[in-house]
Amino acid sequence: DGFTIRRFASFGIVAWSTNDRFTLSNLVIRDNGGTGIRLHNGYLYHAQDFALVRYPMTDGELTPSGPAERLVTFPEQMGHTAKGLAINPATSQLYVNVGAPSNACQAKDRTAGSPGQRPCPWLELHGSVWQFEDDTPGLALTDGRKYATGMRQNYAMTWHDGALYLVQHGRDQMNTLFPENYDAAQNAELPSEEFLRVTEGVDFGWPYCYHDWQKGMRVQMPEYGGDGEAVGDCDRYPAPVAGFPGHWAPGSVHFYQGEQFPARYRGGAFIAFQGSWNRAPEPAGGYKVVFQPMAGSQASGNYEVFADGFAGAEMSAIQSPQAAAHRPNGVTEAPDGSLYISDQVAGTIWRVMYEGESGAD
């Protein structure tokens, strides 16, 4: 169909500035890890598990010109520590997710039959997106502003067309925690991995509700009296832009702005799904990059599989992420309109180019 994919590199995490490629070397990230990186106003911002830092960058150089400056310290927690990062280019405000260290806010986490807590105490600081100014070092989490809440874990984040967008990881273990309501096949597909447009003050309903992409609606979590059918008050929470099958594990989202690909891709979203453990014993899912067509802020059609085969085996043979050859977890765009996909297993980076007929639709 006119696309080619080529191995670009075998290490690093990639971000793009207006004119230059920057590869974040292992020297920078080896001590603290981290997921989110952005280049903005002469700095490389790096969202580590428990801190947001920035490195000064010099034009034309591919390594930082000075040490990291710590902007924000995040609470230490067990589970869902990965931080995504988005920047509003108009205001330079920073947006960072703080995942909930919980599956569904049960009184006893991941315990069969344990009820959910209401109100969920984790929502005071976690399960949310926080907003910060980029020029203030030495902040704690609460020096920022809670921008939105009701999201379990959502480090696939980006700013596009005046708004924040993200893709949420849905909860696990419906069949093992509530076998009277869900079997293994239902657990493999539910709940949705939710593609969300986030506005200030919005609440998306975790842990009280989940989105069912097959029904196209939110229903009550079993921890809060749900049985897979009951809606309760869940219709008061906003619907996602789109819902994807469960446990695909979104790693990154990027809205295409280039002109190299056919015109229909412009303004649509590429989402990298890295795959997860919680579909077993059913076949694995994810391990692919999908394209979500968009018309402004709304989905304009069903998602399409854009790049597949990363796992290196039939999905029925993969029962854990460790069995996959590659897990695509990053997607971004170069100034020439090429798409770059990174991999968290082998550190591979692929370049995707369109070489079909110029001006194709």
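Report the one residue of 117, 240, 302 whose Cα lies farthest in the direction of the positive end of the charge dipole of the chain (charges on C-beta: Lys and Arg +1, Asp and Glu -1; origin at the Cα centre). Of 117, 240, 302, it is 117. Over all pairs of different C-alpha atoms, segment 100-156 has a mean inverse distance whose reciprocal, the Kirkwood radius, equals 12.8 Å. For residue 241, the residues whose amide H sits under 5 Å from its own are 195, 196, 197, ignoring neighbours fewer than 5 places away on the same chain, with H placed 1.01 Å from N.
A 1.4 Å probe run over the chain, with the rest of the protein chains in place, finds 41 Å² accessible per residue. Residue 203 contributes an accessible area of around 50 Å² to the protein surface, as traced by a 1.4 Å probe with all chains present. In a fully extended conformation the segment linking residue 184 and residue 322 would gain 47.6 nm over its present Cα-Cα distance, using 0.36 nm per residue.
In units of the compact-protein estimate 2.2 N^0.38 Å, segment 144-194 shows a Cα radius of gyration of 1.51.
Computed across segment 82-226, the Kirkwood radius stands at 15.9 Å (inverse of mean 1/r, all Cα pairs).
Working from label points 7 Å from Cα in the Cα-to-Cβ sense, the residue 357 to residue 68 distance is 5.0 nm. When the label point is put 7 Å from the Cα of residue 257 along its Cα-to-beta-carbon vector, which residues of segment 128-166 have a backbone N closer than 19 Å? Backbone N within reach: 134, 156-166.
Placing R0 at 35 angstrom, the Cβ-Cβ distance between residue 140 and residue 199 gives a FRET efficiency of 0.90 after rounding to 0.05. Rolling a 1.4 Å probe over the protein chains gives residue 314 an accessible area of about 140 Å². Given segment 265-354 reduced to its alpha-carbon atoms as identical point scatterers, what log10 I(q)/I(0) does the Debye formula return at q = 0.13 Å⁻¹? Reported log10 I(q)/I(0), two decimals: -0.46.
For segment 61-163, the ratio of Cα radius of gyration to the globular rule of thumb 2.2 N^0.38 Å stands at 1.24. Evaluating 6.51 cos²θ - 1.76 cosθ + 1.60 at θ = phi - 60° for every residue in segment 259-268, the Karplus couplings come out as 10, 6, 6, x, 4, 5, 7, 5, x, x Hz, glycine and proline recorded as x. Remark: accessible surface ordering of 178, 3 (largest first) is 3, 178, probe radius 1.4 Å.
Dimensions of segment 272-319 from C-alpha coordinates, computed as largest minus smallest value along each principal axis and given longest first, are 38, 19, 13 Å. For the chain, the share of accessible area belonging to carbon and sulfur comes to 47 percent (1.4 Å probe, ligands and nucleic acids excluded). Comparing 70, 54, 118 in a Gaussian network model of the chain, where Cα atoms under 10 Å apart are tied by springs, the biggest mean-square fluctuation is seen for 118. Taking the alpha carbon gyration tensor of the chain, multiplying each eigenvalue by 5 and rooting it gives semi-axes of 31, 25, 19 Å, largest first.
The values are calculated or read from the model by the stated rules, or taken from the named source; none is laboratory data. Here the structure is a predicted model, which means the values were calculated and not measured. Positions of Cβ are generated from backbone atoms using ideal geometry, with glycine treated the same way; all protein chains shown enter the neighbour counts. Heads up: the accessible areas ignore ligands, DNA and RNA and are worked out on the full protein's heavy atoms, side chains in. Shrake-Rupley method; radii C 1.70, N 1.55, O 1.52, S 1.80 Å.
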